[in-house]
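A quick write-up on the structure given underneath.
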Amino acid sequence: MNALTANVTCPFCSLLCDDLSVRNEQGRLDVSANACRLARQGFTTPQPPAKARLNGVPATIEQAVTAAARLLQKSGRPLVAGLGTDVDGIRAALRLAEKIDAALLHSQEPYAVHNLKALQAQGGIMTTLAELKNRADAVIFIGDNVTGDYPRFIERFINSPHSLFAGRNRRLAYLGSPGRKELDECHNHAPVVISGYGVEIADNLALLRARLADRQLLDYTNLPATKNRKLAQVADLIRHAEYGVLVWCPATLPQDHADLIISSLLDLVRDLNTRQRFAGLSLGGSNGGATFQNVATWQTGFPSGISFDAGRPSAIDTDTSDADALLWISAFSDESPPALNVPTIVLSTYQNAAKHADVYIPIGIPGIDHTGNLFRTDNVINMPLKKVRDSDSPSAARIIREITSEIEATPA
(Lines give C-alpha, C1' and ligand atoms only; values in the text may rest on other atoms or scores of the structure.)
Protein backbone atom coordinates (compact mmCIF):
# COMPACT_ATOMS: atom_id res chain seq x y z
CA MET A 1 0.00 0.00 0.00
CA ASN A 2 1.42 3.35 -1.09
CA ALA A 3 -0.82 6.29 -0.31
CA LEU A 4 -0.91 9.82 1.04
CA THR A 5 -3.70 10.62 3.50
CA ALA A 6 -4.46 14.28 4.18
CA ASN A 7 -6.22 15.94 7.11
CA VAL A 8 -5.14 13.23 9.53
CA THR A 9 -5.76 13.77 13.25
CA CYS A 10 -2.74 13.07 15.45
CA PRO A 11 -3.73 11.13 18.62
CA PHE A 12 -0.44 11.58 20.49
CA CYS A 13 -1.33 14.67 22.51
CA SER A 14 -4.66 16.17 23.48
CA LEU A 15 -4.41 19.09 21.02
CA LEU A 16 -5.47 16.52 18.40
CA CYS A 17 -4.00 18.49 15.49
CA ASP A 18 -6.06 17.50 12.42
CA ASP A 19 -3.97 18.92 9.59
CA LEU A 20 -1.33 16.21 9.18
CA SER A 21 -0.48 14.50 5.91
CA VAL A 22 0.69 10.91 6.37
CA ARG A 23 2.43 8.91 3.66
CA ASN A 24 2.20 5.13 3.73
CA GLU A 25 4.95 3.34 1.82
CA GLN A 26 4.53 -0.41 2.06
CA GLY A 27 3.28 -0.15 5.63
CA ARG A 28 5.91 2.35 6.76
CA LEU A 29 4.39 5.66 7.81
CA ASP A 30 5.89 9.11 7.52
CA VAL A 31 4.26 12.41 8.46
CA SER A 32 5.02 14.53 5.42
CA ALA A 33 3.32 17.72 6.62
CA ASN A 34 2.79 19.41 9.98
CA ALA A 35 4.71 16.89 12.08
CA CYS A 36 5.87 17.59 15.63
CA ARG A 37 8.22 15.36 17.60
CA LEU A 38 5.30 13.42 19.11
CA ALA A 39 3.70 12.81 15.70
CA ARG A 40 7.00 11.73 14.12
CA GLN A 41 7.62 9.29 16.93
CA GLY A 42 4.03 8.02 17.17
CA PHE A 43 3.30 7.46 13.50
CA THR A 44 6.53 5.53 12.98
CA THR A 45 5.61 3.05 15.74
CA PRO A 46 5.89 -0.47 14.27
CA GLN A 47 2.80 -2.58 13.99
CA PRO A 48 2.00 -4.55 17.16
CA PRO A 49 3.15 -8.18 17.20
CA ALA A 50 0.74 -10.74 15.79
CA LYS A 51 0.96 -13.03 18.82
CA ALA A 52 -0.21 -12.53 22.37
CA ARG A 53 1.87 -13.85 25.26
CA LEU A 54 1.03 -15.87 28.38
CA ASN A 55 3.79 -15.59 30.99
CA GLY A 56 6.15 -14.68 28.15
CA VAL A 57 5.17 -17.63 25.94
CA PRO A 58 3.53 -16.90 22.55
CA ALA A 59 -0.20 -17.61 22.44
CA THR A 60 -3.21 -16.88 20.30
CA ILE A 61 -5.41 -13.87 20.98
CA GLU A 62 -8.24 -16.25 21.90
CA GLN A 63 -6.11 -18.08 24.47
CA ALA A 64 -4.99 -14.77 25.99
CA VAL A 65 -8.55 -13.44 26.19
CA THR A 66 -9.64 -16.59 28.04
CA ALA A 67 -6.68 -16.34 30.44
CA ALA A 68 -7.40 -12.66 31.11
CA ALA A 69 -11.05 -13.41 31.82
CA ARG A 70 -10.14 -16.15 34.29
CA LEU A 71 -7.67 -13.89 36.15
CA LEU A 72 -10.25 -11.13 36.49
CA GLN A 73 -12.96 -13.55 37.59
CA LYS A 74 -10.74 -14.84 40.42
CA SER A 75 -10.00 -11.32 41.61
CA GLY A 76 -11.74 -9.74 44.56
CA ARG A 77 -10.58 -6.16 43.94
CA PRO A 78 -9.60 -5.77 40.28
CA LEU A 79 -8.20 -2.50 38.94
CA VAL A 80 -8.58 -1.27 35.35
CA ALA A 81 -5.90 1.38 34.80
CA GLY A 82 -3.80 3.20 32.24
CA LEU A 83 -6.92 3.55 30.07
CA GLY A 84 -4.96 4.98 27.15
CA THR A 85 -7.61 4.34 24.53
CA ASP A 86 -10.41 6.02 22.59
CA VAL A 87 -14.11 6.63 23.26
CA ASP A 88 -15.09 3.09 22.25
CA GLY A 89 -12.34 1.60 24.43
CA ILE A 90 -13.37 3.64 27.47
CA ARG A 91 -17.00 2.63 27.06
CA ALA A 92 -15.99 -1.03 26.88
CA ALA A 93 -13.73 -0.65 29.94
CA LEU A 94 -16.55 0.89 31.97
CA ARG A 95 -18.88 -1.98 31.07
CA LEU A 96 -16.24 -4.55 32.06
CA ALA A 97 -15.53 -2.73 35.32
CA GLU A 98 -19.20 -2.74 36.20
CA LYS A 99 -19.37 -6.46 35.42
CA ILE A 100 -16.45 -7.43 37.68
CA ASP A 101 -16.90 -4.72 40.39
CA ALA A 102 -13.58 -3.10 39.44
CA ALA A 103 -12.03 0.30 40.09
CA LEU A 104 -10.86 2.51 37.22
CA LEU A 105 -7.97 4.99 37.28
CA HIS A 106 -6.51 6.81 34.30
CA SER A 107 -2.72 7.21 34.20
CA GLN A 108 -3.12 11.01 34.01
CA GLU A 109 -5.37 11.16 37.06
CA PRO A 110 -2.73 12.40 39.54
CA TYR A 111 -2.52 15.60 37.46
CA ALA A 112 -6.14 15.91 36.33
CA VAL A 113 -7.42 15.68 39.89
CA HIS A 114 -5.91 19.11 40.70
CA ASN A 115 -8.23 20.73 38.17
CA LEU A 116 -11.21 18.65 39.18
CA LYS A 117 -10.92 19.52 42.87
CA ALA A 118 -10.78 23.24 42.15
CA LEU A 119 -13.60 23.20 39.60
CA GLN A 120 -15.84 21.11 41.86
CA ALA A 121 -15.21 23.44 44.80
CA GLN A 122 -15.67 26.80 43.08
CA GLY A 123 -16.48 26.42 39.40
CA GLY A 124 -14.54 28.20 36.69
CA ILE A 125 -14.82 30.41 33.62
CA MET A 126 -13.06 28.46 30.89
CA THR A 127 -12.49 28.99 27.18
CA THR A 128 -11.65 26.87 24.15
CA LEU A 129 -8.65 26.59 21.86
CA ALA A 130 -10.60 28.27 19.05
CA GLU A 131 -11.58 31.24 21.23
CA LEU A 132 -7.98 31.70 22.39
CA LYS A 133 -6.71 31.50 18.80
CA ASN A 134 -9.27 33.90 17.36
CA ARG A 135 -9.98 36.44 20.12
CA ALA A 136 -7.36 36.56 22.88
CA ASP A 137 -5.25 39.72 22.88
CA ALA A 138 -3.47 38.78 26.15
CA VAL A 139 -2.26 35.30 27.10
CA ILE A 140 -0.54 34.57 30.42
CA PHE A 141 1.13 31.18 30.91
CA ILE A 142 1.36 29.89 34.50
CA GLY A 143 3.93 27.18 35.25
CA ASP A 144 7.16 25.68 33.99
CA ASN A 145 7.38 24.92 30.25
CA VAL A 146 3.58 24.91 30.05
CA THR A 147 3.37 23.85 26.40
CA GLY A 148 6.34 21.46 26.45
CA ASP A 149 4.19 18.37 25.97
CA TYR A 150 2.03 20.16 23.37
CA PRO A 151 4.66 20.98 20.72
CA ARG A 152 2.40 22.81 18.26
CA PHE A 153 0.43 24.92 20.73
CA ILE A 154 2.28 28.19 20.05
CA GLU A 155 2.31 27.54 16.29
CA ARG A 156 -1.39 26.75 16.01
CA PHE A 157 -3.02 28.96 18.64
CA ILE A 158 -0.68 31.91 19.24
CA ASN A 159 1.09 32.43 15.90
CA SER A 160 -1.52 31.06 13.49
CA PRO A 161 -1.90 33.15 10.31
CA HIS A 162 -5.45 31.82 10.01
CA SER A 163 -6.61 33.41 13.24
CA LEU A 164 -9.27 36.15 13.30
CA PHE A 165 -6.72 37.96 15.48
CA ALA A 166 -3.92 37.71 12.89
CA GLY A 167 -2.17 40.99 12.25
CA ARG A 168 -3.10 42.49 15.61
CA ASN A 169 -0.90 42.81 18.67
CA ARG A 170 -1.21 39.78 20.94
CA ARG A 171 0.66 40.26 24.22
CA LEU A 172 2.14 37.37 26.21
CA ALA A 173 3.49 36.85 29.71
CA TYR A 174 4.90 33.97 31.76
CA LEU A 175 4.69 33.35 35.49
CA GLY A 176 7.16 30.50 35.62
CA SER A 177 10.13 29.35 33.59
CA PRO A 178 9.23 28.79 29.93
CA GLY A 179 10.98 26.24 27.78
CA ARG A 180 13.47 27.38 25.21
CA LYS A 181 11.21 26.27 22.35
CA GLU A 182 8.33 28.32 23.81
CA LEU A 183 10.47 31.46 23.97
CA ASP A 184 11.91 30.94 20.50
CA GLU A 185 8.45 30.54 18.96
CA CYS A 186 6.85 33.56 20.61
CA HIS A 187 9.78 36.02 20.67
CA ASN A 188 7.96 38.29 18.20
CA HIS A 189 5.40 38.98 20.92
CA ALA A 190 8.14 40.19 23.33
CA PRO A 191 6.72 38.18 26.26
CA VAL A 192 7.19 39.43 29.81
CA VAL A 193 8.81 36.60 31.80
CA ILE A 194 8.77 36.44 35.59
CA SER A 195 10.89 33.32 36.07
CA GLY A 196 10.40 30.95 38.94
CA TYR A 197 10.24 27.27 39.81
CA GLY A 198 8.12 25.30 42.23
CA VAL A 199 6.59 27.34 45.02
CA GLU A 200 7.95 30.55 43.43
CA ILE A 201 5.14 30.25 40.88
CA ALA A 202 2.54 30.40 43.66
CA ASP A 203 4.35 33.35 45.23
CA ASN A 204 4.50 35.26 41.95
CA LEU A 205 0.82 34.62 41.31
CA ALA A 206 -0.06 35.93 44.77
CA LEU A 207 2.03 39.06 44.16
CA LEU A 208 0.30 39.63 40.83
CA ARG A 209 -3.17 39.22 42.34
CA ALA A 210 -2.33 41.67 45.12
CA ARG A 211 -1.14 44.25 42.60
CA LEU A 212 -4.21 43.80 40.39
CA ALA A 213 -6.45 44.28 43.42
CA ASP A 214 -4.47 47.38 44.50
CA ARG A 215 -3.92 45.78 47.88
CA GLN A 216 -1.29 47.42 50.05
CA LEU A 217 -0.33 44.15 51.73
CA LEU A 218 3.40 44.54 51.22
CA ASP A 219 6.00 47.06 50.31
CA TYR A 220 6.70 46.42 46.64
CA THR A 221 9.92 48.38 46.97
CA ASN A 222 11.33 45.45 48.96
CA LEU A 223 11.12 43.27 45.85
CA PRO A 224 14.02 43.09 43.39
CA ALA A 225 13.67 45.97 40.97
CA THR A 226 13.40 43.72 37.93
CA LYS A 227 10.61 41.61 39.42
CA ASN A 228 8.76 44.71 40.59
CA ARG A 229 8.92 46.21 37.12
CA LYS A 230 7.78 42.97 35.46
CA LEU A 231 4.90 42.52 37.87
CA ALA A 232 3.73 46.00 36.96
CA GLN A 233 4.02 45.15 33.25
CA VAL A 234 1.97 41.95 33.59
CA ALA A 235 -0.65 43.72 35.71
CA ASP A 236 -0.89 46.45 33.07
CA LEU A 237 -1.16 43.83 30.31
CA ILE A 238 -4.07 42.17 32.14
CA ARG A 239 -5.88 45.43 32.97
CA HIS A 240 -5.88 46.52 29.32
CA ALA A 241 -6.86 43.17 27.82
CA GLU A 242 -10.10 42.99 25.87
CA TYR A 243 -10.08 39.18 25.94
CA GLY A 244 -7.47 37.63 28.20
CA VAL A 245 -6.68 33.99 28.86
CA LEU A 246 -4.71 32.31 31.64
CA VAL A 247 -3.13 29.05 30.42
CA TRP A 248 -1.74 26.33 32.67
CA CYS A 249 -0.97 22.62 32.65
CA PRO A 250 -1.49 20.77 35.96
CA ALA A 251 1.40 18.40 35.21
CA THR A 252 3.92 21.29 35.02
CA LEU A 253 2.84 22.96 38.26
CA PRO A 254 4.60 22.15 41.55
CA GLN A 255 2.49 19.18 42.63
CA ASP A 256 2.49 20.05 46.35
CA HIS A 257 0.98 23.44 45.53
CA ALA A 258 -1.03 22.68 42.37
CA ASP A 259 -4.44 22.71 44.10
CA LEU A 260 -3.70 26.12 45.63
CA ILE A 261 -2.37 27.59 42.38
CA ILE A 262 -5.32 26.42 40.29
CA SER A 263 -7.82 27.67 42.89
CA SER A 264 -6.04 31.02 42.89
CA LEU A 265 -6.14 31.12 39.07
CA LEU A 266 -9.86 30.45 39.00
CA ASP A 267 -10.44 33.12 41.67
CA LEU A 268 -8.42 35.62 39.64
CA VAL A 269 -10.40 34.89 36.47
CA ARG A 270 -13.68 35.31 38.36
CA ASP A 271 -12.55 38.63 39.86
CA LEU A 272 -11.36 39.95 36.49
CA ASN A 273 -14.74 39.19 34.93
CA THR A 274 -16.38 41.83 37.09
CA ARG A 275 -14.84 44.43 34.79
CA GLN A 276 -13.56 42.71 31.63
CA ARG A 277 -13.54 39.45 29.66
CA PHE A 278 -11.11 36.83 30.96
CA ALA A 279 -11.06 33.02 30.91
CA GLY A 280 -8.92 30.03 31.77
CA LEU A 281 -7.58 27.21 29.60
CA SER A 282 -5.99 24.08 31.05
CA LEU A 283 -3.76 21.80 28.96
CA GLY A 284 -3.93 18.12 29.79
CA GLY A 285 -5.77 14.91 29.03
CA SER A 286 -3.32 13.23 26.65
CA ASN A 287 -3.23 9.42 26.34
CA GLY A 288 -7.02 9.44 26.35
CA GLY A 289 -7.26 11.36 29.62
CA ALA A 290 -9.79 13.94 28.42
CA THR A 291 -11.72 11.15 26.73
CA PHE A 292 -11.91 9.13 29.94
CA GLN A 293 -13.19 12.12 31.91
CA ASN A 294 -15.94 12.84 29.38
CA VAL A 295 -17.10 9.27 28.81
CA ALA A 296 -16.92 8.38 32.52
CA THR A 297 -18.90 11.51 33.45
CA TRP A 298 -21.75 10.92 31.03
CA GLN A 299 -21.98 7.20 31.93
CA THR A 300 -21.41 7.28 35.70
CA GLY A 301 -21.59 10.89 36.88
CA PHE A 302 -17.95 10.72 38.03
CA PRO A 303 -15.06 12.15 35.97
CA SER A 304 -12.28 10.17 37.65
CA GLY A 305 -11.39 7.67 40.34
CA ILE A 306 -14.38 5.37 39.92
CA SER A 307 -15.17 2.10 41.70
CA PHE A 308 -17.98 -0.37 41.06
CA ASP A 309 -17.12 -2.33 44.20
CA ALA A 310 -20.48 -1.51 45.82
CA GLY A 311 -22.40 -2.60 42.73
CA ARG A 312 -22.79 1.00 41.61
CA PRO A 313 -20.28 3.73 40.67
CA SER A 314 -18.66 5.66 43.51
CA ALA A 315 -15.65 7.97 43.82
CA ILE A 316 -12.29 6.68 45.11
CA ASP A 317 -8.83 8.20 45.58
CA THR A 318 -5.71 7.19 43.66
CA ASP A 319 -4.52 4.58 46.18
CA THR A 320 -4.19 1.23 44.38
CA SER A 321 -2.46 -0.74 47.12
CA ASP A 322 -5.45 -3.02 47.79
CA ALA A 323 -5.87 -4.16 44.15
CA ASP A 324 -5.39 -7.91 43.64
CA ALA A 325 -5.46 -7.92 39.81
CA LEU A 326 -4.59 -5.29 37.21
CA LEU A 327 -5.81 -4.71 33.66
CA TRP A 328 -3.53 -2.09 32.05
CA ILE A 329 -4.57 -0.44 28.77
CA SER A 330 -2.07 1.69 26.82
CA ALA A 331 -2.51 2.22 23.08
CA PHE A 332 -0.74 5.58 22.75
CA SER A 333 2.47 5.15 24.75
CA ASP A 334 4.85 2.48 26.00
CA GLU A 335 4.19 3.42 29.62
CA SER A 336 4.53 0.34 31.82
CA PRO A 337 1.94 -0.63 34.43
CA PRO A 338 2.69 0.09 38.09
CA ALA A 339 4.53 -2.66 39.96
CA LEU A 340 1.71 -3.93 42.17
CA ASN A 341 2.92 -7.55 42.51
CA VAL A 342 -0.49 -8.84 41.42
CA PRO A 343 -1.63 -10.79 38.34
CA THR A 344 -1.32 -8.32 35.48
CA ILE A 345 -2.99 -8.16 32.07
CA VAL A 346 -1.58 -5.67 29.56
CA LEU A 347 -3.33 -4.47 26.42
CA SER A 348 -0.78 -2.38 24.55
CA THR A 349 0.71 -1.64 21.18
CA TYR A 350 4.14 -1.85 22.76
CA GLN A 351 5.64 -5.17 23.89
CA ASN A 352 8.08 -3.54 26.30
CA ALA A 353 5.10 -2.24 28.31
CA ALA A 354 4.38 -5.88 29.19
CA LYS A 355 7.75 -7.27 30.25
CA HIS A 356 6.39 -8.81 33.45
CA ALA A 357 2.75 -9.27 32.47
CA ASP A 358 0.97 -12.55 33.06
CA VAL A 359 -1.10 -11.86 29.95
CA TYR A 360 -0.12 -9.58 27.07
CA ILE A 361 -2.52 -8.87 24.21
CA PRO A 362 -1.34 -6.58 21.37
CA ILE A 363 -3.76 -3.86 20.30
CA GLY A 364 -3.74 -1.28 17.52
CA ILE A 365 -3.36 2.48 17.83
CA PRO A 366 -6.55 4.51 17.32
CA GLY A 367 -5.86 6.90 14.44
CA ILE A 368 -3.32 4.58 12.84
CA ASP A 369 -4.51 0.96 12.90
CA HIS A 370 -8.23 1.64 13.22
CA THR A 371 -10.71 4.50 13.30
CA GLY A 372 -11.92 6.04 16.54
CA ASN A 373 -12.73 9.23 18.44
CA LEU A 374 -10.93 11.28 21.10
CA PHE A 375 -11.86 14.36 23.11
CA ARG A 376 -9.61 17.41 22.83
CA THR A 377 -7.98 19.08 25.83
CA ASP A 378 -10.66 21.80 26.04
CA ASN A 379 -13.38 19.12 26.30
CA VAL A 380 -15.64 20.66 23.66
CA ILE A 381 -14.63 18.76 20.53
CA ASN A 382 -14.76 15.02 19.88
CA MET A 383 -12.30 14.46 17.05
CA PRO A 384 -12.61 11.57 14.56
CA LEU A 385 -9.51 9.45 13.95
CA LYS A 386 -8.68 7.85 10.61
CA LYS A 387 -7.12 4.49 9.81
CA VAL A 388 -3.92 5.12 7.83
CA ARG A 389 -2.34 1.69 7.43
CA ASP A 390 -3.48 -1.86 6.72
CA SER A 391 -3.59 -3.65 10.04
CA ASP A 392 -5.18 -6.72 11.57
CA SER A 393 -4.40 -5.48 15.09
CA PRO A 394 -7.57 -5.47 17.20
CA SER A 395 -8.78 -2.36 18.97
CA ALA A 396 -8.73 -2.15 22.76
CA ALA A 397 -12.53 -1.99 22.66
CA ARG A 398 -12.77 -5.28 20.77
CA ILE A 399 -10.46 -7.13 23.17
CA ILE A 400 -12.18 -5.72 26.26
CA ARG A 401 -15.57 -6.74 24.90
CA GLU A 402 -14.28 -10.24 24.19
CA ILE A 403 -12.98 -10.51 27.77
CA THR A 404 -16.35 -9.32 29.05
CA SER A 405 -18.19 -11.84 26.86
CA GLU A 406 -15.93 -14.64 28.10
CA ILE A 407 -16.69 -13.70 31.70
CA GLU A 408 -20.43 -13.56 31.00
CA ALA A 409 -20.34 -16.93 29.21
CA THR A 410 -18.47 -18.66 32.03
CA PRO A 411 -19.79 -17.48 35.39
CA ALA A 412 -17.38 -17.89 38.28
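Mind checking which lysines have their Cα closer than 24 Å to the Cα of Lys181? Skip sequence neighbours fewer than 8 apart in that chain.
Straight-distance partners of Lys181: Lys133, Lys227, Lys230.
Leaving out ligands, DNA and RNA, what percent of the accessible area of the chain is carbon and sulfur, probe 1.4 Å?
Of all accessible area on the chain, carbon and sulfur atoms account for 48 percent.
For region 372-412, with every protein chain kept in place, what is the accessible area per residue (1.4 Å probe, Å²)?
Spelled out: the 1.4 Å probe surface of region 372-412, per residue, equals 47 Å².
Amide H of Val245 versus every other amide H placed in the peptide plane: which residues, excluding those fewer than 5 positions away on the same chain, fall under 5 Å?
Amide H to amide H, under 5 Å and 5 or more residues apart or across chains, Val245 pairs with Ala138, Val139, Ile140, Ala279.
In region 255-324, which trypsin sites (Lys or Arg not before Pro) fall in coil by DSSP and have 10 or fewer other Cβ atoms within 10 Å?
Filter output for region 255-324: Arg275.
Answer with one residue from Leu347, Ile194, Pro384: the one whose Cα lies farthest towards the positive end of the charge dipole of the chain, charges on Cβ with Lys, Arg +1 and Asp, Glu -1.
So the residue furthest toward the plus end is Ile194.
What list of ³J(HN,Hα) values in whole Hz, one per residue of region 176-186 in order, does the Karplus curve 6.51 cos²θ - 1.76 cosθ + 1.60 (θ = phi - 60°) give from phi, with Gly and Pro shown as x?
Coupling constants for region 176-186: x, 10, x, x, 4, 5, 4, 5, 4, 6, 10 Hz.
Between Asp271 and Thr371, what length comes free when the chain is fully extended (0.36 nm per residue of separation minus the Cα-Cα distance, one decimal in nm)?
Computed gain between Asp271 and Thr371 is 31.7 nm.
So how far apart, in nm, are the two label points at Ala225 and Ala166 if each is 7 Å from Cα heading toward Cβ?
Output for this residue pair reads 4.3 nm.
Would you mind telling me which residue in Trp248, Trp298, Trp328 has the biggest mean-square fluctuation in a Gaussian network model of the chain, where springs connect alpha carbons within a distance under 10 angstrom?
Trp298
Pick from Leu208, Leu347, Leu253 the residue whose mean-square fluctuation is largest in a GNM of the chain, springs joining Cα atoms under 10 Å.
In this elastic network of the chain, the residue with the biggest mean-square fluctuation among Leu208, Leu347, Leu253 is Leu208.
Working out 0.36 nm times the residue gap between Asn382 and Thr60, then minus their Cα-Cα distance, what length gain in nm do you get to one decimal?
My answer for the length gained is 112.5 nm.
Could you state the accessible area per residue of region 265-344 in Å², with a 1.4 Å probe and every protein chain left in place?
Value returned for region 265-344: 40 Å² of accessible area per residue.
Using just the helices of the chain, give the 222 nm mean residue ellipticity in deg cm²/dmol: DSSP H runs with n ≥ 4 each add -39,500 (n - 2.57), and the total is spread over all residues, rounded to 500.
Dividing the helical sum by the residues of the chain leaves -10000 deg cm²/dmol.
Suppose R0 equals 45 Å; then what is the FRET efficiency for Thr410 and Asp184 from their Cβ-Cβ distance, rounded to the nearest 0.05?
Computed FRET efficiency for Thr410 and Asp184 comes out at 0.15.
Starting from the Cα gyration tensor of region 160-277, take the square roots of the eigenvalues, sort them a ≥ b ≥ c, and report rounded, prolate or oblate (rounded when a/c is under 1.5, otherwise prolate if a/b is larger than b/c, else oblate).
Taking the square roots of the gyration eigenvalues as a ≥ b ≥ c, region 160-277 is rounded.
Can you give me the accessible area per residue for region 1-118, using a 1.4 Å probe, in Å²?
43
Quick one: work out the % antiparallel among DSSP beta bridges in the chain, nearest 5.
If we restrict to bridges inside the chain, about 35 percent are antiparallel.
For region 220-291, what class follows from the C-alpha gyration tensor (a ≥ b ≥ c being the square roots of its eigenvalues): rounded when a/c is under 1.5, otherwise prolate if a/b is larger than b/c, else oblate?
Note, shape of region 220-291 comes out oblate.
The values are calculated or read from the model by the stated rules, or taken from the named source; none is laboratory data. Computed from a predicted model, the values in this text were never measured in an experiment. Quick reminder, even Gly has a Cβ in these numbers, built from the backbone with ideal geometry, and neighbours come from all protein chains shown. For the accessible areas, the whole protein counts, side chains as well, though only heavy atoms, and no ligand, DNA or RNA atoms are used. Shrake-Rupley method; radii C 1.70, N 1.55, O 1.52, S 1.80 Å.
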